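Undergrad: Take this structure, written in structure tokens, and hold onto it; I'll ask about it next.
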Amino acid sequence: MSHSRLNFRIDAEAAGSRARAATFKTLHNEVLTPLFMPVGTQASVKAQPPEALAASGSQILLANTYHLLLRPGVEVFRSVGGIHKFMTWDRSVLTDSGGYQIFSLPHSRSITEEGAVFQSYIDGRTILLSPKVSIETQMAIGSDIMMVLDQCVPSTADRETVRAALDLTHRWAALSLEARGDSPQSMFGIVQGALFPDLRRESVDHLSGLPFDGLAIGGLAVGEAKAEREDMCELTAALMPRDKPRYLMGVGTPLDILEAVHRGVDMFDCIIPTQLAQRGGVFTSRGYVQLRRGVHKFADIPLDPKCACPTCARYSRAYLHHLTKSSEPLGWQLLGLHNIHFYHQLMRDIRASILDGTFMSLYAERREFLDEHDLDNGVAKVKVRPAPPMKRGAYEVHVAAGGFGSIRHVESGETMHAHTSPIEEARTLYVEQAQLRERVRLSGNANPDEAAPLVIWDVGLGAAANALAAIHCYQEEAEGGAVRGLRMVSFENDLDALRLACQNIRHFPYLRHGGPGGLLERGAWHSKKFPRLHWNLVGGDFRESMQSAAHPPDLIFYDPFSSRTNGFAWTLESFRRLFAACEDRDVEVFTYTASTAARAAMLAAGFYVARGRATDVKSESTIAFTPAALKQGTAARHALLGAGWLGRWKRSHARLPSDVPESESEAFERSITGHPQFAN
């Protein structure tokens, strides 16, 4: 048996399954598996005091190195004597390395051999999070289990991208071990490899040869389908050492956890219990229940009669419904406490069934209801409406581990906003970058009736996240003062994505607005409360329809699927037509891509091109703007692509847009190198 600081031992293994019950010892307590670890990202589990977590059965809490490095900082932990004393928690703490946050949070960052360079969301400082810095930070925090710094990429990434990230992760793993030295804190390696079985196998083989105290399965629940996640989890867990803990990072729902235990995993974490509680969602012995539903208004009964948690023992569904509808923090706290208790009780039941040889019976019983919704509302038997369809036309609904919905293109497998809530990405990447609040706000004694409306072209309506983020922003500003008009013009040739999202509105709560219905029914929506707010739909191929659009743009949100799914949208011809439609106006274009070919197409079409904020999968996005915008000074705040990018473009294998043949490459190159942007 290989050495481990955790003294891991297997207590029982289930017949007909890879499920196992085990015990290990950290620096603070004995831990029984399988176990769920509540997420306390910033040394605090949302709305839950430590004593309540202890009473519910929490054995290990998860905290995040990225956030704690920024605030309160390592000096605080060194001063007070570590995280346990800091948050008055006497059981174990596992610290994530910060790799996933660097990957997912929409702030400027880049990955180099040395580490992740990112911009602090607190004070704007530029920080290098290297393997050494990550481990030194975790040692100062004083966690029982530290995670190596890894490079996380989308599970659907191409093989070349996954290969490079895997190799970097392995190099960083060795540096992380070196940085730990002789510290008594345990450390887990992280297996990567996305959806490539041979790369997963290679990663397990490599990391198993290093003196880690356990291994984690990383790079799942970041874009793949549920079946893909389960298959890759099963394959990876089967390859991992039998005599060390196996940890599936960031997963998931109770059913996800049951399935992963069946496949041989021991440890789990996820934000779902507290995140859904904030929205009124709870897991019960009769399935998932949404407390916002009016059926619970007069329900003077326990939340779950089979649950022994303090919430169910004392409070009625009627009161919890009231707290939820009133957005009272107490409701979040009580529902979160129940959900955490539910997760821990599920793990206790699973462990007991493994020990007494009845796991497969429990597995068959629990998987029947764990993913069901409102099977029994506890008030009266009602006719249960059939679940809405999860597919329509070319699209299907993808529900991420965080509980939010995204739209996936079935044929290509591409998911838009796979890792960040669509509405959150829309606010960050489009609304905030475009400084929309400042643009619509009027100052002084300006007359709103005389001010020209701001026109936004929303190219690629999809599930309407970008359009509604802008509309919500406008409405908030209009509530507070004088604003100019806003005219949103959305271009889309296939409305099935929006129709599907509206049918599954519980996964797309931002669609609870009058606009989408009006747009689908009439092709237009006009706000009654804010008469200067208009939203129009332009159907068909946007390359043709933009020429006849009644209102030329001031801003363009360019958000079609990628060139893999929607190739024509990223051609030189498309950007030439877009440039022509701007009519020498002061116009900025915001898009999620950082594609070399797309940026080259924009430049060749006549736009100036700059780096934009990071997206959920790339270190930067793209902002383009017209020469008139440059003259007006609108673009002064943007970082133009410079000589460094131009050099990389010349060496790139993907430097030509798809509609530029190789025979025209020299002429195309001259159009790029001769662009005024690179004159200096």
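Undergrad: Which of Ile271, Ile471 comes first, and how do the rest follow, when ranked by fewest Cβ neighbours within 10 Å? Let's see the in-between values first.
TA: Numbers: Ile271 17, Ile471 24.
The order, fewest Cβ neighbours first, is Ile271, Ile471.
Undergrad: Same structure again: Counting other Cβ atoms within 10 Å, which chymotrypsin sites (Phe, Trp or Tyr not before Pro) in segment 534-585 have at most 16 and lie in a DSSP loop? Could the numbers behind the result be given before it?
TA: Numbers: sites: Trp535, Phe542, Phe557, Tyr558, Phe561, Phe568, Trp570, Phe575, Phe579; in loops: Phe561.
When the chymotrypsin sites (Phe, Trp or Tyr not before Pro) of segment 534-585 are filtered for loop state and at most 16 Cβ neighbours within 10 Å, nothing remains.
Undergrad: What whole number of Å gives the distance from the Cα centroid of segment 473-513 to the Cα centroid of segment 111-139?
TA: 36 Å
Undergrad: Determine the calculated [θ] at 222 nm for the chain from helices alone, applying -39500 (n - 2.57) to every DSSP H run no shorter than 4 residues and normalising by the residue count; nearest 500 deg cm²/dmol.
TA: On the way: 26 runs with 245 residues, N = 680.
Computed ellipticity for the chain at 222 nm equals -10500 deg cm²/dmol.
Undergrad: Excluding residues on the same chain fewer than 8 positions from Lys25, give the lysines whose Cα lies under 17 Å from its Cα.
TA: Result set, ordered by chain and number: Lys244.
Undergrad: Next up: Kindly give Rg over Rh for the chain, based on alpha-carbon atoms, with the Kirkwood expression for the hydrodynamic radius.
TA: Working: Rg = 26.3 Å, Rh = 26.9 Å.
Across the chain, the Cα-based Rg/Rh ratio is 0.98.
Undergrad: Also, quick follow-up: Which translational diffusion coefficient, to the nearest whole µm²/s, is obtained for segment 9-270 from the Stokes-Einstein equation, given a Kirkwood hydrodynamic radius over C-alpha pairs, 37 °C and 0.692 mPa s?
TA: 178 µm²/s
Undergrad: I'd like the GluC sites (Glu not before Pro) in segment 521-597 restricted to DSSP loop residues with at most 12 other Cβ atoms within 10 Å, sorted by number.
TA: On the way: sites: Glu521, Glu544, Glu573, Glu583, Glu588; in loops: Glu583.
Passing sites in segment 521-597 are Glu583.
Undergrad: I would also like to ask the following. Output needed: Cys residues of the chain lacking any neighbouring Cys C-beta below 4.7 Å, sorted by number.
TA: Within the chain, the cysteines lacking a partner Cβ under 4.7 Å are Cys152, Cys233, Cys270, Cys309, Cys473, Cys502, Cys582.
Undergrad: Oh, and also: Filter the cross-link list Lys226/Lys529; Lys226/Lys618; Lys85/Lys132; Lys325/Lys618; Lys132/Lys650; Lys297/Lys529 down to pairs whose alpha-carbon distance in this structure exceeds 32 Å. Intermediate values should be presented prior to the final figure.
TA: Working: Lys226/Lys529 42 Å; Lys226/Lys618 23 Å; Lys85/Lys132 24 Å; Lys325/Lys618 37 Å; Lys132/Lys650 35 Å; Lys297/Lys529 30 Å.
Beyond 32 Å between Cα atoms: Lys226/Lys529; Lys325/Lys618; Lys132/Lys650.
Undergrad: Report the Cα centroid-to-centroid distance between segment 267-296 and segment 187-226 in angstrom, as an integer.
TA: A separation of 30 Å, based on Cα centres.
Undergrad: Considering only DSSP beta bridges where both residues belong to the chain, give the percentage that are antiparallel (nearest 5).
TA: On the way: 43 of 89 bridges.
For the chain, the DSSP antiparallel bridge percentage is about 50.
Undergrad: Multiplying the sequence separation of Ala12 and Leu330 by 0.36 nm and subtracting their Cα-Cα distance, what value in nm do you get? Write down the numbers at each step before the final one.
TA: Values: separation 318, 0.36 × 318 = 114.48 nm, distance 4.01 nm.
Taking 0.36 nm per residue and subtracting the Cα distance, the gain is 110.5 nm.
Undergrad: Once the Cβ-Cβ distance between Ser545 and Ala238 is put in as r, and R0 is 51 Å, what FRET efficiency do you end up with, to the nearest 0.05? List each step's numbers first, then the result.
TA: Values: r = 52 Å, r/R0 = 1.03.
In this case the efficiency is close to 0.45.
Undergrad: Also, quick follow-up: Using the per-residue mean of other Cβ atoms lying within 10 Å as a proxy for protection, in what order, highest first, do the peptides 495-503, 89-97 fall?
TA: Details: 495-503: 20.1, 89-97: 23.6.
Result, highest mean first: 89-97, 495-503.
Undergrad: Next question, about the same structure. Only Cα pairs under 8 Å and at least 6 apart count here; give the relative contact order of the chain as a rounded whole percent.
TA: Values: 1352 pairs, mean separation 73.0, N = 680.
After rounding, I find 11 percent.
Undergrad: Moving on. Can you give me the Cα centroid spacing of segment 517-585 and segment 144-180 in angstrom?
TA: So the two Cα centres are separated by 40 Å.
Undergrad: Grab the other residues whose beta carbon is less than 11 angstrom from that of Leu630, score K and R as +1, D and E as -1, and report the net. Before the final figure, lay out each step's value.
TA: On the way: positive: Lys631; negative: Asp586, Glu588.
Around Leu630, the charge tally is -1.
Undergrad: Can I ask one more? Fewest first, what order do Ile141, Ile456 take by the number of other Cβ atoms within 10 Å?
TA: Numbers: Ile141 25, Ile456 29.
In increasing order of surrounding Cβ atoms, one gets Ile141, Ile456.
Undergrad: If you don't mind, another one. Express the relative contact order of segment 161-241 as a whole percentage, based on alpha carbon pairs under 8 Å and six or more residues apart in sequence. Working shown, then result.
TA: Values: 79 pairs, mean separation 24.9, N = 81.
After rounding, I find 31 percent.
Undergrad: What's the ranking of 51-61, 638-648, 604-614 by average number of surrounding C-beta atoms within 10 Å, highest first?
TA: Working: 51-61: 18.8, 638-648: 14.0, 604-614: 22.2.
In descending order of packing, they fall as 604-614, 51-61, 638-648.
A short reminder: the numbers here are calculations on the coordinates, not readings from a lab. Fair warning: this is a prediction, and the values are worked out from it, not measured in the lab. Note: ideal-geometry Cβ built from the backbone for every residue, glycine included; neighbour counts use all protein chains shown.
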